[in-house]
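K.L.:
Questions regarding the structure given below will be posed in turn.
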Amino acid sequence: MAAIAIAGAGLAGRLLAWTLSRAGHAVEVFDASSGPAPAFDAQGAAAFSAAGMLSPLAEQEQGGAEIAALGWRSLALWPDIVASLSGTAPDSTPVSRSSSRSSPAPGPVPLRIEGSLLLSHRADLGAAERALRRMPGAEPLDMDALRTLEPMLAPGLRGWLLPREGLIAPVPAMAALHAGATAAAARWHWSRPVDQVVPGALHFADGGHWHGDWAIDARGLGARPPQPLRGVRGEIVTLSLPGHGLRRPVRLLHPRHRVYLVPRSDAEIVVGASEIESEDRSPVSLRSAVELMAAAQSVLPALSEARIVRLDRHLRPALPDNLPFLHHEPGLLRINGLYRHGWLLAPALVERLLDTAGLAAPFLEHSP
């Protein structure tokens, strides 16, 4: 058994804590946030403000074959991870510092793998076809086939099916990972920002230190410098519309906007934009909100009656090449740069990192 400290309680940090604690290691997690639940204030874990799309085919457009291969591996892993998390008991273990935001009791983690759709208005077919050339595997649908898959979509749209893609609900999944790691004896230290991660040690902003066998840096943007990270802004609108009828994630291929719609439940749907090259953490502007919701309503007309639950935004950590970064040396692991692919890539990257270090077997070797 190794003594392991993880800096960062985002998606990668929680998945690492859950995996390592289940493997029998003594795990402690340190994070600057005041608690494990989301605040939706553009601080803390960016994973809470994600759509949860699992789209290796669509992400080929910019990420290429490497991102697609990691994505397919994660898609193979998520069902077993979710099945393991489903029996986790609610968190009852005290943390080292008081938290103003307690973790919600974990419930089922929604996971659906039924494919996703690419859509285009007729006027935008040229832009759509250029994007599709970088997405091998997209299957064109005639109007009848599109209507059969998603009858609530607006008439006249062109559509393509991306088979075997899926979605996961980020907030329940984050809560379940926290509870699962806690049940396996991981310890959480909130309001404890980490200044530096070095082999076998963490150095804290308050001058304190942790020393053990392994230190893992999963801080996202908190890891700069020295890593050349930048923040890429994402904006997301959560809408309430009982009976909205959308079953699969859809992306609208548009010359200016890459808008996506993701059903979270039969009554909730989220609308977002893939990326904005900005480190602005301020609230969503009127212009952005109107453009997002107008584009979404053009695809799903019933959204005209939806109610706005939340306008959210966050910065996702990206490196200059927009590819993820893994580092391994004795006593030190680093994971970063998951960009907009966090939910798509995290299981495969964590598996690869821990297998390389000899700290945990591949997920499928110890799944139920």
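The values are calculated or read from the model by the stated rules, or taken from the named source; none is laboratory data. Owing to the predicted nature of the structure, the values given are computational and were not obtained by experimental measurement. Here Cβ is always computed from backbone atoms with ideal geometry, including for glycine, and neighbour counts include all displayed protein chains. Heavy atoms of the whole protein, side chains included, go into the accessibility calculation; ligands, DNA and RNA do not. Shrake-Rupley method; radii C 1.70, N 1.55, O 1.52, S 1.80 Å.
K.L.:
Of (1) in a loop (DSSP other than H, G, I, E, B); (2) under 17 Å from Met174 (Cα atoms); (3) open to solvent by less than 30 Å² (accessible area, probe 1.4 Å), Pro56 satisfies all except one. Which?
P.N.:
The number of the failed condition is (2).
K.L.:
Given the residues Gly358, Gly272, Gly331, which is the only one that is of a type in the set (Gly, Ala, Ser), farther than 19 Å from Met174 by Cβ and touching a Phe, Trp or Tyr at 6+ places or on another chain (Cβ under 7 Å)? First the steps, then the outcome.
P.N.:
Values: Gly358 fails: touching a Phe, Trp or Tyr at 6+ places or on another chain (Cβ under 7 Å); Gly272 fails: farther than 19 Å from Met174 by Cβ.
One residue alone meets the criteria, Gly331.
K.L.:
With within 27 Å of Asp312 (Cα to Cα) and basic (Lys, Arg) as the only criterion, which of Arg187, Arg164, Arg192 stands out?
P.N.:
Of Arg187, Arg164, Arg192, the one residue that is within 27 Å of Asp312 (Cα to Cα) and basic (Lys, Arg) is Arg192.
K.L.:
While we're here: Is it the case, given these coordinates, that Ala175 is buried (at least 22 other Cβ atoms within 10 Å of the Cβ), touching a residue at least 40 places away in the same chain (Cβ under 8 Å) and not in a strand (DSSP E or B)? Spell out the reasoning first.
P.N.:
Working: buried (at least 22 other Cβ atoms within 10 Å of the Cβ): yes; touching a residue at least 40 places away in the same chain (Cβ under 8 Å): yes; not in a strand (DSSP E or B): yes.
Yes, satisfied.
K.L.:
Anything in the stretch 1-43 that is among the polar types (S, T, N, Q) and farther than 21 Å from His209 by Cα? List them, or say none. I'd like the intermediate steps shown before the answer.
P.N.:
The initial filter retains those residues of the stretch 1-43 that are among the polar types (S, T, N, Q), namely 19, 21, 33-34, 43.
Once the filter is applied, which keeps residues that are among the polar types (S, T, N, Q) and farther than 21 Å from His209 by Cα, the stretch 1-43 yields Thr19, Ser21, Gln43.
K.L.:
Let me spell it out: the conditions are (1) modelled with pLDDT of 95 or more; (2) open to solvent by 60 Å² or more (accessible area, probe 1.4 Å); (3) in a loop (DSSP other than H, G, I, E, B), and Ala37 meets all of them except one. Which number is the exception?
P.N.:
(2)
K.L.:
Take Ala176 and tell me if it is under 21 Å from the mean Cα position of the chain (by Cα), at negative phi and of a type in the set (A, V, I, L, M, F, W, C).
P.N.:
Yes; evaluated as a whole, the condition is true for this residue.
K.L.:
Need a quick list: strands (runs of 3 or more DSSP E) entirely within the stretch 278-358 having at least 1 residues that are open to solvent by less than 60 Å² (accessible area, probe 1.4 Å) and over 23 Å from Ser55 (Cβ atoms).
P.N.:
It comes to 325-329, 332-336.
K.L.:
Now a separate question. I'd like to check something: does the stretch 200-211 contain any residue that is open to solvent by less than 50 Å² (accessible area, probe 1.4 Å) and touching a helix residue (DSSP H, G or I) at 6+ places or on another chain (Cβ under 9 Å)?
P.N.:
no
K.L.:
Among the residues of the stretch 78-89, are any within 17 Å of Leu57 (Cα to Cα) and either part of a helix (DSSP H, G or I) or modelled with pLDDT of 85 or more (or both)? Write out each step before concluding.
P.N.:
As a first pass, look at the stretch 78-89 and keep what is within 17 Å of Leu57 (Cα to Cα): 78.
Narrowing further to those that are either part of a helix (DSSP H, G or I) or modelled with pLDDT of 85 or more (or both): 78.
Within the stretch 78-89, one or more residues are within 17 Å of Leu57 (Cα to Cα) and either part of a helix (DSSP H, G or I) or modelled with pLDDT of 85 or more (or both).
K.L.:
Filter the stretch 160-172 for residues that are open to solvent by 10 Å² or more (accessible area, probe 1.4 Å) and farther than 28 Å from Ala128 by Cα; which is nearest to the chain's Cα centre (by Cα)?
P.N.:
So, considering only residues that are open to solvent by 10 Å² or more (accessible area, probe 1.4 Å) and farther than 28 Å from Ala128 by Cα, the one nearest to the chain's Cα centre (by Cα) is Val171.
K.L.:
Go through (1) surrounded by fewer than 21 Cβ atoms within 10 Å (Cβ to Cβ); (2) at negative phi; (3) modelled with pLDDT of 95 or more for Gly13 and report which single condition fails.
P.N.:
Answer for Gly13: the failing condition is (1).
K.L.:
Considering the stretch 106-140 alone, what residues qualify as being over 17 Å from Val262 (Cα atoms), in contact (Cβ under 8 Å) with a residue 24 or more places away in the chain, in contact with a strand residue (DSSP E or B) (Cβ under 6 Å, 6 or more places away or on another chain) and open to solvent by 30 Å² or more (accessible area, probe 1.4 Å)?
P.N.:
Glu139
K.L.:
I've got another one for you. For Thr148, are the conditions met, namely being assigned to a helix (DSSP H, G or I), modelled with pLDDT of 95 or more and surrounded by 17 or more Cβ atoms within 10 Å (Cβ to Cβ)?
P.N.:
no
K.L.:
What residue, of Asp213, Asp266, Asp206, is under 26 Å from Asp41 (Cβ atoms) and among the acidic types (Asp, Glu)?
P.N.:
Asp206
K.L.:
Follow-up question, since we're still on this one. Output the number of residues of the stretch 60-81 satisfying the condition of being among the hydrophobic types (A, V, I, L, M, F, W, C), farther than 18 Å from Gly115 by Cα and buried (at least 18 other Cβ atoms within 10 Å of the Cβ).
P.N.:
Here is the first cut: in the stretch 60-81, the residues among the hydrophobic types (A, V, I, L, M, F, W, C) are 65, 67-70, 72, 75-78, 81.
The next check asks that each one be farther than 18 Å from Gly115 by Cα; those that pass are 65, 81.
Filter again for buried (at least 18 other Cβ atoms within 10 Å of the Cβ), leaving 81.
Number of matching residues: 1.
K.L.:
Can you find, within the stretch 27-70, the residue that is nearest to Asp312 (Cα to Cα) among those that are within 12 Å of the chain's Cα centre (by Cα) and of a type outside the set (A, V, I, L, M)?
P.N.:
Filtering the stretch 27-70 down to residues within 12 Å of the chain's Cα centre (by Cα) leaves 45-55.
With the extra rule that they be of a type outside the set (A, V, I, L, M), the set shrinks to 48-49, 52, 55.
On the way: Phe48: 10, Ser49: 7, Gly52: 14, Ser55: 22 Å.
That would be Ser49.
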